[in-house]
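**Q** The structure under discussion is supplied below as structure tokens; questions concerning it will follow.
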Amino acid sequence: MKSIDRLRLLFEEQINVMTIAENLMIFDQGNYREEMEKRNFQSAVVDVDGVLMKFDIGDELPIPIPEEDIMPSETPLLIAFRMLIGKRRYFIEEDGRVAHIVTRTDLDKIPLRLGFFGLISLLETHLKELIRKQLPHWEQSISENRLNSARSLYEWKKGRKEEIDLVQCLQFGDLGSIFSKNQRFKKFDPEYSRDRFVKMMNEIGQLRDALAHSQGNLGFSWEEIDHIIRFIRIIIDEEDQVFEK
């Protein structure tokens, strides 16, 4: 297994929803509405004569927890992310009993931010490997200014005795330029237009910068981030990408 595959396994399968889930508070039947209002909760689990039932703001009374409201504890985090885009909250069982809750609010926690950043880093690694293997004349696809910037970084890193090549010194924006040249991006998806590809690469760069600087507001809605993730997967999933030399 290649190192990039191991990393993808980590980010897409081995980090699960429990890294962002919260322990569930069980409310008493006599005062659950007051306790929910005090804590600004939109959902709660209520003990009704020994049976755990769920209550959402707008419901008349607590009702049994339906199966579709249960998320398995082993659900990969990035799959849980997509599920929470479609539904505001899920309950999670432990030892056969509802014990945790995960809501859309939990999406802003560190584990998911690490998952986003990890996928973007995998995309960057994948694109650089494609350049090394298939585009020996890639220098012609970026401006002289950007090429000189990469060369300066390369010389600096060589001076520190780092084992590195010039491709490794390319910035993320350089990768977008290289793969927009000669419509190389169409190897990822024939339906792409140059404008769409450049726009998506710019947005990925903006999201990566926001994540790297721990900005409270990432600048994108959850739906937009999901769209970015789908774009990344299209590129790194394609096994037979062959580019013009």
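**Q** For the stretch 70-95, name all the residues that are β-branched (Val, Ile, Thr) and either part of a strand (DSSP E or B) or open to solvent by 70 Å² or more (accessible area, probe 1.4 Å) (or both). Spell out the reasoning first.
**A** Within the stretch 70-95, the subset β-branched (Val, Ile, Thr) is 70, 75, 79, 85, 92.
Ile70, Ile79, Ile92 - these are the residues of the stretch 70-95 that are β-branched (Val, Ile, Thr) and either part of a strand (DSSP E or B) or open to solvent by 70 Å² or more (accessible area, probe 1.4 Å) (or both).
**Q** Quick check: is even one residue across the stretch 144-163 in contact with a Phe, Trp or Tyr (Cβ under 9 Å, 6 or more places away or on another chain) and either among the polar types (S, T, N, Q) or open to solvent by less than 50 Å² (accessible area, probe 1.4 Å) (or both)?
**A** Checked the stretch 144-163: no residue is in contact with a Phe, Trp or Tyr (Cβ under 9 Å, 6 or more places away or on another chain) and either among the polar types (S, T, N, Q) or open to solvent by less than 50 Å² (accessible area, probe 1.4 Å) (or both).
**Q** Given the conditions (1) at pLDDT below 95; (2) not in a loop (DSSP other than H, G, I, E, B); (3) not charged (D, E, K, R), report the number of the one that His100 does not fulfil.
**A** Only one criterion in (1) at pLDDT below 95; (2) not in a loop (DSSP other than H, G, I, E, B); (3) not charged (D, E, K, R) is unmet by His100, namely (1).
**Q** OK, next. All but one of (1) within 18 Å of Leu107 (Cβ to Cβ); (2) touching a residue at least 24 places away in the same chain (Cβ under 8 Å); (3) surrounded by fewer than 19 Cβ atoms within 10 Å (Cβ to Cβ) hold for His227; which doesn't?
**A** (2) is the only condition that His227 fails.
**Q** Conditions: (1) under 25 Å from Leu153 (Cβ atoms); (2) without any contact (Cβ under 8 Å) to a residue 24 or more places away in the chain; (3) open to solvent by 10 Å² or more (accessible area, probe 1.4 Å). Ile236 meets all but one. Number of the miss?
**A** It fails just one condition, (2).
**Q** So which residues in the stretch 21-48 are closer than 23 Å to Ile70 by Cβ and either outside any strand (DSSP E or B) or of a type in the set (S, T, N, Q) (or both), if there are any at all?
**A** Ala21, Asn23, Leu24, Met25, Gln29, Tyr32, Glu35, Met36, Arg39, Phe41, Gln42, Ser43
**Q** Within the stretch 184-213, take every residue that is in contact (Cβ under 8 Å) with a residue 12 or more places away in the chain and surrounded by fewer than 16 Cβ atoms within 10 Å (Cβ to Cβ) and give me the one that is farthest from the chain's Cα centre (by Cα).
**A** Checking each candidate, the answer is Arg194.
**Q** For the stretch 131-143, give me the residue count where each residue is open to solvent by 20 Å² or more (accessible area, probe 1.4 Å) and in contact (Cβ under 8 Å) with a residue 60 or more places away in the chain.
**A** 3
**Q** Those residues that are of a type in the set (A, V, I, L, M), crowded, with 16+ Cβ neighbours inside 10 Å and more than 17 Å from Asp226 (Cβ to Cβ), I need them from the stretch 96-113; list them, please.
**A** Val98, Ala99, Ile101
**Q** Could we say that Glu67 is within 30 Å of Gln14 (Cα to Cα) and open to solvent by 30 Å² or more (accessible area, probe 1.4 Å) here?
**A** On the way: within 30 Å of Gln14 (Cα to Cα): yes; open to solvent by 30 Å² or more (accessible area, probe 1.4 Å): yes.
Taking the combined requirement at face value, the residue satisfies it.
**Q** Another question about this same structure. Hey, can you tell me all the residues within the stretch 1-17 that are closer than 23 Å to Met53 by Cβ and open to solvent by 60 Å² or more (accessible area, probe 1.4 Å)? Before the answer, list the steps.
**A** From the stretch 1-17, those closer than 23 Å to Met53 by Cβ are 17; that's our starting set.
Within the stretch 1-17, no residue meets the criteria.
The values are calculated or read from the model by the stated rules, or taken from the named source; none is laboratory data. All values reported here derive from a predicted model rather than from experimental measurement. All Cβ positions, even for glycine, are placed from backbone atoms using ideal geometry, and neighbour counts span all protein chains on display. The protein model used for the area step is the full one, side chains on, heavy atoms only, and it has no ligands, DNA or RNA in it. Shrake-Rupley method; radii C 1.70, N 1.55, O 1.52, S 1.80 Å.
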